[in-house]
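Working notes for the structure below.
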Amino acid sequence: MDAALLTSPAFWDDRAPFAAGDFPGDLPDLPELCGHVLFASSGSSGPPKWVALSKSALLASAVAVNHHLKVTSDTCWGLALPLHHVGGFGVAARAFAAGCAWREFTRRWDATAFVGWLAHHRVTHVTLVPTQAHDLVVAGVRPPVTLRVLVVGGGHLDAPTGQAARALGWPVLASYGMTEAASQIATQGLEQLQCLYQPAPLSLLPIWQAATTAEQLLSISGPALFSGTLARDRDPPWRFHPRTSPWHPTADRVLLANHSLTPIGRADTLIKVLGELVDPTLIERELAALAAGRLAPGSFAVVAVPDARAEHLLVPVFDAAVPAVLIAAVVAAYAALAPGFRRLQPAVTLAPFPCSPLGKPRRAEIVAVLMLMRQS
């Protein structure tokens, strides 16, 4: 996909549907898709689907993010995420909405080369995923003086890594979003750059209304919400499933207070261990904290495998590239603190470690590999 296409008025005026990514075959001729962009997404769990976002929704998100981050016509947005991901696509939309410059990092990811690229193009605003932010810290590189904002999205950036990035001068701000919301829902404000980095709370963007259930499940409503999803069917082969409510219920558990949001896990990752509810993703955050920034996001996961006695067993799984001494130290530190029902099984290493291009562990694939290992 040519990024220049996305900053052309002709693209935003075109009513023909557009797939951001490799759509399997021709786009279906459905009137509901007019003026929409389709993004492939399986979410954090569940079967693959295509999320349909209207171009007006994408621009509503772009304008809101630009306003929140004080983007002007003098800004230069840096594009360092793939365009088939809503985070990368959103950068192009923001540049178009602001009428500002943008540059695309087209090289293979390398922290040192990235810093040189930022300086050369005088990039002021950029969005990265946690793995990329971690790489900048590990490389010990400092940002150019022209960079004013580095938004980290697509996952959780732990406090030690964020604080180390800030110590190097990187203007790191945490964010929370999803494909169904055309990118960001809540993002730390520029004033947070004067404080010690913490992953939360995150300021809700003004375009969003948010509410929670008794179980702390988040629902959102706003002008950047998706129109529906496209899924394979037998007859017809593709079926559009429209959103039927102004509110979109999510599987994310959050705390809402003072127009801010704090993510606390996902309901669909909760499992029972010895009769107790456990969220493996929260254990991952504890391991990251115990590692003090030495564990790269996307290099490990805690997954649950079925067990006849305990219902589930919690298995820490690491990329084989993670040093064995680090794995042993982190697992031992966790074991000294964890109650019995949250204890971990012996660590497993995998090569390759199943992970998405944006650094998110593919949990279902990891579990499938573990189940095959148990059978062999």
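The values are calculated or read from the model by the stated rules, or taken from the named source; none is laboratory data. Just so you know, these numbers come straight off a predicted model, no measurement behind them. We place every Cβ from the backbone using ideal geometry, glycine too, and count neighbours over all the protein chains shown.
Couple of notes before you dig in:
- Test: residue in the range 220-233 that is within 30 Å of P17 (Cβ to Cβ), buried (at least 19 other Cβ atoms within 10 Å of the Cβ) and of a type in the set (D, E): no
- Sole exception among (1) within 30 Å of A101 (Cα to Cα); (2) at pLDDT 95 or above for W247, by number: (1)
- Qualifying residue in the range 150-160 (condition: modelled with pLDDT of 95 or more and assigned to a helix (DSSP H, G or I)): no
- Residue in the range 136-144 that is surrounded by 20 or more Cβ atoms within 10 Å (Cβ to Cβ) and closer than 22 Å to P361 by Cβ present: yes
- None of R285, R294 is more than 21 Å from I271 (Cβ to Cβ) and either of a type in the set (F, W, Y) or at pLDDT below 95 (or both) except R294.
- Matching entry among P206, P236 (being in the same structural domain as S56 (by TED's automatic domain parsing) and closer than 30 Å to G162 by Cβ): P206
- Unique residue being at pLDDT 95 or above and closer than 30 Å to F23 by Cα when the list is A210, A181: A181
- In the set T131, T161, only one residue is within 23 Å of R94 (Cβ to Cβ) and polar (S, T, N, Q); that residue is T131.
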